Amino acid sequence: MQGLVPAATDGNMATEFHNLQELRHSASLANKVFIQRDYSEGTTCRFQTKFPSELESRIERTLFEDTVKTLNNYYAEAEKIGGQSYLEGCLACATAYLIFLCMETRYEKVLKKIAKYIQEQNEKIYAPRGLLITDPIERGMRVVSFFAV
C-alpha cells in the first residue's frame, strides 16, 4: 500500500485510500505556500525555517520546522566535500566521466534519500492534514512547496 494515504469521506466514517499522485494533481489547483531558499549563510542549499502564517491552521509549527531542518541537514550532507567526493572526481577525470554511467554519485544518493524522506512525510504527517510537500528538485532547488488539498 505504498503511496496510499487514508482520507475520511464527506458523509460517513468509511475510509478511502487516495493515491498521493491524485492528491498532488488536485493540489495543483489549490492553495500553495512556498518556502524560499535561505542565502544568509552563503549559496549552500538551505531553506528558511520561518513558519508561514498560511499553514497555522493546518500543521503545528514544530512539525514544519523539523521537516525543513531535516531537509537542510540532508542538503548539507549532500554538498559536504570529503574523501568520497574527491575520489569520485578523480575517477571521473580518469574515465572521461564514463564512470557515472555505471555509478551513482554520493550527491545522487542523498537526493534519493531526500525524495524518500519527503514521500514518508507526505504519507505519515502532511497528507492526513490536507497538505503535500513537493521535492525541491522539482522546482529547481529554489523552494519547498506546500500544497493545501
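A few notes on this one:
- Label point distance in nm, Arg61-Cys45, each placed 7 Å from Cα along Cα→Cβ: 2.9
- Within the stretch 103-149, trypsin sites (Lys or Arg not before Pro) in DSSP loop having at most 13 other beta-carbon neighbours inside 10 Å: Arg142
- The overall shape of the stretch 35-128 is prolate: from the C-alpha gyration tensor, with semi-axes ordered a ≥ b ≥ c, the ratio a/c is 1.5 or greater and a/b exceeds b/c.
- Neighbourhood net charge (14 Å Cβ-Cβ; Lys/Arg +1, Asp/Glu -1) for Phe51: -2
Readers should treat all values here as calculations from the given coordinates under stated rules, not as data from a laboratory. This is a predicted model, so every value here is computed, not measured. Because the Cβ atoms are built from the backbone with ideal geometry, glycine has one as well, and the counts that use them run over all protein chains shown.
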